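*Asks:* Sharing a structure, written as structure tokens. Questions coming.
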Amino acid sequence: MKLSNIFGILLHMIEHVQIALIPTLKDIYKNPYLIFHPSHPFFTNVWAVIGPGIDERETEMKRALVYPHARGVVLDLGAGLGHIIKYLDRSKVTKYIALEPNICMHSEIRSKASSYGFTESNGNFLLISSSASDISSILFRLSTSVENEEKSRSHSALGIMIEDIRVDTIITIRSACSFPSPEKTLTRLAKDVLKPGGEFLFVEHVLSERKDVAWWQRFWSPLWEVFAGCRLDRPTHLWIGEMKDFDGEGRTIDMWSEGEAKRPAEDPEENLLGHRIGRFVKHL
Ligand SMILES: C[S@@+](CC[C@H](N)C(=O)[O-])C[C@H]1O[C@@H](n2cnc3c(N)ncnc32)[C@H](O)[C@@H]1O
């Protein structure tokens with residue numbers, strides 16, 4: 001492997017500290033409560049600087065994944081600064097739900113969503129500040145939101161079924177690398193939060209199939225977690241692709257009726273941040 005691939009990760013970590021250390025100290029000075037969650041302002045400052053460039057480079061790939069396939073109620077896991085919103089087809093997406101546990105990112109998500117017509121007052125935007133692993137909180141917020149919509153239409157909220165609460169599309173862009181208990185979290189989201197026939201769309205950096213690359217990914221992951229907030233050593237594409245569910249009679253079946261995860265052509269195999277782009281459709 002090239003030394004630039006192995007030690008490029010170290011340079012990224014140094015860059016994150018250079019970008020975010022001083023602004024984070026300033027944020028904590030302005031809002032001392034953040035001392036209890038220093039990673040929130042730190043990663044917000046990092047992402048505010050490097051996120052737009054990454055998003056710009058991936059415009060074509062994200063548009064091809066999201067624009068034709070995201071529909072109905074869309075749940076964006078780890079919404080960050082709301083980069084995905086501009087790729088949503090407004091004629092097909094009825095509601096945008098941003099799940100983002102980092103409160104420092106909330107005002108930017110709200111303002112981006114609003115500039116694309118998704119607002120809480122219109123009832124087509126919801127911001128959930130839980131972790132993706134907190135499935136009961138997510139289901140609770142989804143059900144409360146549906147109940148409020150029904151009440152605002154003067155309908156009774158009593159007849160609401162689980163199918164009314166579930167979402168049509170789940171998107172995760174570089175967020176599953178941060179989830180606690182990622183395999184269990186992703187499986188529960190697909191099983192309990194996504195509707196039958198719904199789409200699971202993702203772009204994630206993943207554990208390489210190459211042994212040498214995987215070795216370095218495992219080596220750097222503990223440090224990368226501190227300075228970048230996520231792991232390099234997760235086979236997220238395999239966990240999603242190989243998920244199982246139960247049919248009505250309790251038999252194990254594949255979670256997906258169709259789908260695949262691909263390596264972007266522009267990602268060199270030696271890249272420690274090599275990605276997979278995936279689109280999977282849940283069985284009916
Ligand atoms: C690299 S950023 C990606 C943001 C956004 N998806 C994008 O592509 O611009 C990772 C995001 O995952 C969020 N995140 C971290 N832990 C999370 C968790 N347990 N549940 C949901 N999101 C999480 C972070 O706060 C951050 O916004």
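The values are calculated or read from the model by the stated rules, or taken from the named source; none is laboratory data. It should be emphasised that the depicted structure is a prediction, and the values quoted were computed from it without experimental measurement. Ideal geometry is used to build each Cβ from the backbone, glycine not excepted, and the neighbour counts take in all protein chains shown. We work out accessible area using only protein heavy atoms, side chains counted, and drop any ligands, DNA or RNA first. Shrake-Rupley method; radii C 1.70, N 1.55, O 1.52, S 1.80 Å.
*Asks:* What number of residues in the stretch 66-78 are within 13 Å of the ligand (Cβ to nearest atom) and open to solvent by less than 10 Å² (accessible area, probe 1.4 Å)?
*Replies:* So the answer is 5.
*Asks:* Condition first: among the acidic types (D, E) and open to solvent by less than 60 Å² (accessible area, probe 1.4 Å). Now tell me which residues in the stretch 179-211 satisfy that.
*Replies:* D192, E199, E204
*Asks:* Does I50 qualify as being under 18 Å from the mean Cα position of the chain (by Cα), within 13 Å of the ligand (Cβ to nearest atom) and part of a helix (DSSP H, G or I)?
*Replies:* yes
*Asks:* Output the residue which, of all residues in the stretch 80-96 that are assigned to a loop (DSSP other than H, G, I, E, B) and not basic (K, R), is most open to solvent (accessible area, probe 1.4 Å).
*Replies:* Ranking the candidates gives S91 first.
*Asks:* Take S107 and decide whether it is touching a Phe, Trp or Tyr at 6+ places or on another chain (Cβ under 9 Å), closer than 17 Å to I128 by Cα and open to solvent by 40 Å² or more (accessible area, probe 1.4 Å).
*Replies:* Criteria not met by S107.
*Asks:* Regarding the stretch 26-35, can at least one residue be identified that is over 28 Å from L272 (Cα atoms), away from the ligand (no atom under 15 Å from the Cβ), open to solvent by 60 Å² or more (accessible area, probe 1.4 Å) and in contact (Cβ under 8 Å) with a residue 24 or more places away in the chain?
*Replies:* No; the residues of the stretch 26-35 include none that is over 28 Å from L272 (Cα atoms), away from the ligand (no atom under 15 Å from the Cβ), open to solvent by 60 Å² or more (accessible area, probe 1.4 Å) and in contact (Cβ under 8 Å) with a residue 24 or more places away in the chain.
*Asks:* Test of understanding: among W239, W224, which residue is touching a residue at least 60 places away in the same chain (Cβ under 8 Å) and touching a Leu at 6+ places or on another chain (Cβ under 8 Å)?
*Replies:* Only one candidate passes the filter, namely W224.
*Asks:* Report, by residue number, each residue of the stretch 54-65 that is within 11 Å of the ligand (Cβ to nearest atom) and in a helix (DSSP H, G or I).
*Replies:* Selection gives I54, D55, K62.
*Asks:* Answer yes or no: is there a residue in the stretch 144-167 that is within 12 Å of the ligand (Cβ to nearest atom) and modelled with pLDDT of 95 or more.
*Replies:* Checked the stretch 144-167: no residue is within 12 Å of the ligand (Cβ to nearest atom) and modelled with pLDDT of 95 or more.
*Asks:* Here are some residues: S91, S121, S131. Which one is at pLDDT 95 or above and either more than 9 Å from the ligand (Cβ to nearest atom) or out of contact with any Pro (no Cβ under 6 Å at 6 or more places or on another chain) (or both)?
*Replies:* S91
*Asks:* Restricting to the stretch 22-57, and then to whatever is in contact with a His (Cβ under 9 Å, 6 or more places away or on another chain) and among the charged types (D, E, K, R), can you tell me which residue is farthest from R90 (Cα to Cα)?
*Replies:* Result: D27.
*Asks:* Separate question: Do any residues in the stretch 36-65 that are basic (K, R) have Cβ atoms under 6 Å from those of residues that are outside any loop (DSSP other than H, G, I, E, B) and more than 9 Å from the ligand (Cβ to nearest atom), where the two are at least six apart or on different chains, and which pairs are they?
*Replies:* K62/Y87; R63/Y87
*Asks:* Any idea how many residues of the stretch 139-193 are within 21 Å of the chain's Cα centre (by Cα) and assigned to a helix (DSSP H, G or I)?
*Replies:* 19
*Asks:* If you check every pair at least six apart or on different chains, which have Cβ atoms under 6 Å apart with a residue in the stretch 166-186 that is at positive phi first and a residue that is open to solvent by 20 Å² or more (accessible area, probe 1.4 Å) second?
*Replies:* Between residues of the stretch 166-186 that are at positive phi and residues that are open to solvent by 20 Å² or more (accessible area, probe 1.4 Å), the close pairs are S181/S133.
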